[in-house]
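Working notes, beginning with the structure itself.
No value in this document is a laboratory result; all are computed from the given coordinates. This is a predicted model, so every value here is computed, not measured. Virtual Cβ from ideal backbone geometry, glycine too; neighbours counted across all protein chains shown.
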């Protein structure tokens with residue numbers, strides 16, 4: 001275009017129009033993008049500062065997702081602790097119920113091993129005494145006189161019938177091994193206190209003894225063991241995305257982009273073994289075994305409450321850091337926007353002013369060209 005000659009006024013108006021168009025292009029870009037700094041060319045300092053803030057906000061946003069998942073993992077463990085505590089309290093209630101049945105439904109069963117053959121025995125007697133459990137003086141005596149010549153079956157029948165005459169005896173019979181098995185009412189026990197003749201003596205003292213059987217306790221012990229199984233299963237089911245804090249897995253939650261700020265939530269063993277609760281011993285026929293179970297469950301409940309406190313504290317920490325990170329992301333994004341975002345009201349006003357200026361420049365250029373156009377009138 002350098003070979004085209006323009007008058008000074010036309011060139012001046014043309015340059016003004018070109019400048020106005022350049023400003024309009026820039027304003028239109030700001031209106032379309034909403035930013036006053038779209039590249040480093042617009043404002044290097046603001047552009048790179050805003051880019052740094054935006055990058056950090058993006059990194060924190062990724063960590064924010066990790067914090068949210070960490071919170072869910074802790075919540076899953078906390079729900080498990082709460083349910084396991086309920087099971088432990090149920091187990092304690094069962095043990096207390098069984099302990100309260102220390103006398104109720106107890107049957108004293110004693111097995112005596114007598115001689116195998118009574119046919120050659122002379123007319124002799126032997127004596128059984130029934131005691132109240134815990135007392136030394138007998139409540140009653142049962143004496144037998146066996147006459148000569150009776151066979152074993154007849155002798156055993158006579159012994160059983162004689163036993164049943166006492167109101168404190170619930171049953172008496174000979175088992176397949178020849179043992180005289182006597183069951184007395186609760187609160188009583190039976191002993192052989194005197195005997196005469198070989199047939200009446202204890203053939204094997206090791207087989208004689210008293211066994212207390214409480215069927216309610218047996219049932220409670222089985223239910224107790226079932227609850228322990230449920231505790232183990234619940235502890236195994238309290239994981240989240242492969243991390244189970246109730247099976248000694250640990251969880252690390254990172255709070256900042258350079259990983260210098262974090263928290264490690266240490267897992268625990270919330271199974272019955274980890275809580276040191278053993279299965280019912282001896283079907284809970286001994287008071288000591290029930291007392292030991294109650295002590296173990298009470299200790300486990302205290303441990304579970306401590307676990308719940310720790311998990312609750314960790315939950316609060318991660319939750320607070322999550323809230324802080326969300327607010328920090330907003331601050332960073334707002335700071336970047338202040339450096340790059342355009343004032344739409346201002347840019348709209350600028351566009352209106354530039355459009356007016358453009359129209360004026362076009363009119364001015366038209367006026368400037370009239371002097372050259374007047375030369376055409378000479379022809």
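Under Stokes-Einstein, with the Kirkwood radius over Cα pairs as Rh, the value for region 257-302 at 37 °C and 0.692 mPa s is 250 µm²/s. Label separation (residue 170 vs residue 215): 0.8 nm, computed from points 7 Å beyond Cα along the C-beta direction.
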